[in-house]
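The values are calculated or read from the model by the stated rules, or taken from the named source; none is laboratory data. Everything numeric in this text was worked out from a predicted model, so none of it was measured. Positions of Cβ are backbone-derived with ideal geometry, glycine not excepted, and every protein chain shown enters the neighbour counts.
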């Protein structure tokens, strides 16, 4: 089962808590933090707070950057950057 | 010599052109794209446009995430997330 936390527009702590919960309550070995567009900066904030402050035993396994092609309402395709930060303990 | 492009608040294409110039005119083998805070998302946009559209021969060598501790005007320390994307050809 994949343990994915999608980072959106809420406050950073919501996502930090979601990651901590996945690691602790669900005993996940890996949690994937995903975001796209402007939320990418927040995904990095989440990773930094988890690994530097709350769970120093958690490390980054892999970081993947990419592009999603989204179909706009007018039928035009919009490119949005994505990030995937794979954390493990 | 380090070839660093600092991504800030200007339009994405400014930084894309800066990276392309470093690779072509200055014949750099490596260019480092750096950003912090909200500009992190734009740094990923720059990387994606360079590697997917303009210079497909350029690849990601390494991605480093971190935290800068900035001294605020009131003397308080503020934490800001950082990204460093090392590109090579």
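Candidates are the residues of segment B:61-89 that are closer than 15 Å to residue A:83 by Cβ and in contact with a helix residue (DSSP H, G or I) (Cβ under 7 Å, 6 or more places away or on another chain); the one that is surrounded by the fewest Cβ atoms within 10 Å (Cβ to Cβ) is B:65.
Among the residues of segment A:5-45, those that are away from every other protein chain (no Cβ under 14 Å), assigned to a loop (DSSP other than H, G, I, E, B) and farther than 12 Å from residue A:88 by Cα comprise A:10, A:11, A:25, A:26. Against the list (1) more than 14 Å from residue B:64 (Cα to Cα); (2) surrounded by 20 or more Cβ atoms within 10 Å (Cβ to Cβ); (3) at the interface with another protein chain (Cβ under 9 Å from one of its Cβ atoms), the condition residue A:50 fails is (3). Residues that are within 13 Å of another protein chain (Cβ to nearest Cβ) and without any contact (Cβ under 8 Å) to a residue 24 or more places away in the chain within segment A:57-72 comprise A:63, A:64, A:65, A:66, A:67, A:69, listed in sequence order. If you filter segment B:14-36 down to residues that are touching a residue at least 40 places away in the same chain (Cβ under 8 Å) and surrounded by fewer than 17 Cβ atoms within 10 Å (Cβ to Cβ), you find that the one that is farthest from residue A:47 (Cα to Cα) is B:29. Of the residues B:84, B:48, B:73, B:62, the single one that is under 28 Å from residue A:49 (Cα atoms) and part of a helix (DSSP H, G or I) is B:48.
Checked against (1) under 11 Å from the mean Cα position of the chain (by Cα); (2) at pLDDT 95 or above, residue B:14 passes all but condition (1).
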